[in-house]
Amino acid sequence: VFVAILALVVNVLIHIQNDINFKKQIEQSKENFVNTKKLLVKNEVDKVFENIVLQREDIENKLKDNIKTKVYTAYEIVENLYENYKHLGDKKALKIIKDALRNIRFNEGRGYYFIDGVSGVKHLQPINPKIEGGNYLEYRDSKGYQFVKTISNTIKNRTERFDEYYWPKPGDPTKSFKKISFYKTFAPLDIAIGAGEYLDDFTKNLQELLLYDYI
């Protein structure tokens with residue numbers, strides 16, 4: 001009887017120990033699986049981050065190429081319209097040009113064209129038409145930079161250039177954000193056709209595209 005009871009107890013203990021060991025193995029397997037997944041995710045995130053770091057230096061160049069191309073496209077439109085309507089006089093020709101460019105959007109709706117005159121007058125500002133016709137030659141951005149004077153000098157010199165300044169985003173007039181713009185002079189009307197892009201928006205969009213490539 002004693003031996004039988006002892007054997008039963010030993011079998012029960014062995015069963016309990018096996019059950020404990022089995023549960024430990026399951027937990028260990030789960031932990032190993034989770035750690036492996038974490039490592040894979042970390043490696044993928046590290047790859048994306050490294051790519052973003054590598055691309056960061058080139059972001060502004062990509063942005064500049066983007067907006068310069070847009071402005072050159074608009075310039076061709078302006079040239080053709082002016083040739084077709086210059087016989088109506090500069091004032092009417094400018095209005096036709098403004099109407100043609102006003103509703104054009106690009107870069108997922110963030111981008112638009114603006115037109116400034118050599119005297120500092122804002123001829124076209126689609127996202128804030130209330131300021132059209134006003135003279136902003138002495139305007140300073142949030143950092144004190146008078147970029148309208150730079151536009152005016154660009155027109156006087158019959159040149160084109162990139163510029164950086166701070167400007168509010170549509171729907172958020174209380175804050176100013178760094179914007180990179182490109183101006184090109186259209187000499188017959190003493191105006192500059194320009195376009196710009198907010199650096200943070202362009203950077204975010206580029207990062208999302210890079211991340212999408214890895215998903």
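The values are calculated or read from the model by the stated rules, or taken from the named source; none is laboratory data. Predicted model, so just to flag it, every value in this text is computed and none were measured. Methodologically, a virtual Cβ is constructed for each residue, glycine included, from the backbone with ideal geometry; neighbour enumeration extends over all protein chains shown. When the accessible area is computed, the model is the full protein with side chains, heavy atoms only, and any ligands, DNA or RNA have been set aside. Shrake-Rupley method; radii C 1.70, N 1.55, O 1.52, S 1.80 Å.
Of all lysines in the structure, the ones whose alpha carbon falls short of 22 Å from that of Lys42, not counting any fewer than 8 places away in one chain, are Lys30, Lys204.
Relative to the longest principal axis of the Cα atoms of the chain, helix 2-85 runs at roughly 10 degrees.
Just how many % of Cα pairs in the stretch 120-166 lie over 16 Å apart, if you round to the nearest whole percent? Here the tail beyond 16 Å accounts for 45 percent of pairs.
Per-residue 3J(HN,Hα) values for the stretch 174-183, derived from phi via the Karplus relation 6.51 cos²θ - 1.76 cosθ + 1.60 with θ = phi - 60°, read 7, 10, 10, 10, 5, 10, 10, 10, 10, 10 Hz in sequence order (x marks Gly and Pro). Once the Cα atoms of helix 90-102 and of the chain are each reduced to a long axis, what angle between those two axes, in degrees from 0 to 90 to the nearest 10, is obtained? Roughly 10 degrees, rounded to the nearest 10.
Rounded to the nearest whole Hz, the Karplus-based 3J(HN,Hα) values (6.51 cos²θ - 1.76 cosθ + 1.60, θ = phi - 60°) of the stretch 125-133 follow the sequence 8, x, 7, 8, x, 4, 8, 5, x, with x at glycine and proline. Only helices enter the 222 nm calculation for the chain: every DSSP H run of n ≥ 4 contributes -39,500 (n - 2.57), and dividing by all residues gives -20500 deg cm²/dmol, rounded to 500. Rounded to two decimals, the Cα-based Rg/Rh of the chain, with Kirkwood Rh, is 1.47. In the chain, the portion of solvent-accessible area held by carbon and sulfur atoms comes to 56 percent [1.4 Å probe, whole percent, DNA, RNA and ligands not counted].
For the chain, the per residue solvent-accessible surface stands at 63 Å², with DNA, RNA and ligands left out and a 1.4 Å probe. Any idea what % of Cα-Cα pairs in the stretch 50-144 are farther than 22 Å? Of the Cα pairs, 44 percent sit more than 22 Å apart. With the Kirkwood sum run over all distinct C-alpha pairs, the stretch 89-141 has a hydrodynamic radius of 11.9 Å.
Using the structure shown, select from Lys70/Lys122; Lys91/Lys122; Lys95/Lys143; Lys92/Lys130 the pairs with a Cα to Cα distance greater than 26 angstrom. The partial results should precede the final answer.
On the way: Lys70/Lys122 19 Å; Lys91/Lys122 14 Å; Lys95/Lys143 33 Å; Lys92/Lys130 20 Å.
Result: Lys95/Lys143 exceed 26 Å.
Bridging of Lys37 to lysines at a Cα separation below 23 Å is possible for Lys23, Lys24, Lys47, once same-chain residues fewer than 8 apart are set aside. Helix 147-156 and the longest principal axis of the C-alpha atoms of the chain enclose an angle of approximately 50°.
Among 100-108, 16-24, the peptide with the highest mean count of other Cβ atoms within 10 Å heads the list, and the full ranking is 100-108, 16-24.
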